[in-house]
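Asks: Below are the structure tokens for one structure; questions will follow.
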Amino acid sequence: MATTTVGKWLQAAWRTLKLTRKSDREEFFLYMKLVLIGFGIVGAIGFIIYYLASVIELIAGVASTSTASTAILFHLLSSVL
């Protein structure tokens with residue numbers, strides 16, 4: 001039973017490969033731009049999450065001191081620059 005499933009999958013994969021074609025230069029660069037934009041978006045989301053976590057950790061760590069606002073401002077400015 002497993003060999004028929006594998007055989008059907010291979011036939012379907014072969015039919016799909018026969019339909020494919022090589023993309024031209026313009027289409028390739030379009031796909032490359034889309035992938036890079038996606039990487040940038042995912043990276044930006046990761047940076048924002050990491051940044052917010054570090055700010056929350058900083059606030060929680062220095063909330064008991066009187067210089068909490070100064071430390072938060074310093075952290076914000078240093079991470080932006």
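Asks: Which of the residues spanning segment 51-75 are surrounded by 11 or more Cβ atoms within 10 Å (Cβ to Cβ) and at pLDDT 70 or above?
Replies: Selection gives Y51, S54, V55, E57, L58, I59.
Asks: I'd like the residue in segment 1-50 that is hydroxyl-bearing (S, T, Y) and surrounded by 10 or more Cβ atoms within 10 Å (Cβ to Cβ) and, out of all such residues, is modelled with the highest pLDDT.
Replies: For segment 1-50, the residue satisfying everything is Y31.
The values are calculated or read from the model by the stated rules, or taken from the named source; none is laboratory data. All values derive from a computational prediction rather than experimental measurement. With ideal geometry, Cβ positions are generated from the backbone for all residues, glycine too; neighbour counts draw on all protein chains shown.
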